[in-house]
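Input: a single structure, listed below in structure tokens.
The values are calculated or read from the model by the stated rules, or taken from the named source; none is laboratory data. All values derive from a computational prediction rather than experimental measurement. Ideal geometry is used to build each Cβ from the backbone, glycine not excepted, and the neighbour counts take in all protein chains shown. Please note that ligands, DNA and RNA were not included when accessible areas were found on the heavy atoms of the full protein model with its side chains. Shrake-Rupley method; radii C 1.70, N 1.55, O 1.52, S 1.80 Å.
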Amino acid sequence: QVQLVVPGGGWVQPGEFLRFSCEATESILRFSVVAWYRQATGKQRELVASIAGGGTTNYADSVKGRFNISRNLKNTAYVQMNGLKPEDTADYYCVAHQSVGYWGQGTQVTVSA
């Protein structure tokens, strides 16, 4: 059973940054896609960023130019979130896809002055 470990979230002021890791219990390269989703209170879950096996990345329009998804050659994916805005406040989830999707625990991000 694949497990994804994501550290605890945080509170930041607008304009600041956070970087999260997503550590898998097996090689991150074995997944066809690794992605970050988020869900804000009262809103639908949305895809924030993804990285495919070949390295192709994809971002939600709302985070383009501010967020960056990456991975190492071992077992960890990352999301760098710059220029955070109050509307980025949400619970964030790391998901790794093989034949099924494996979800890490949610981590809360709060952006407020």
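Restricting attention to region 76-105, the residues that are open to solvent by 40 Å² or more (accessible area, probe 1.4 Å), within 21 Å of F31 (Cα to Cα), part of a loop (DSSP other than H, G, I, E, B) and in contact (Cβ under 8 Å) with a residue 24 or more places away in the chain add up to 2.
Within region 1-15, being in a strand (DSSP E or B) and either open to solvent by less than 30 Å² (accessible area, probe 1.4 Å) or not aromatic (F, W, Y) (or both) holds for L4, V5, G10, V12.
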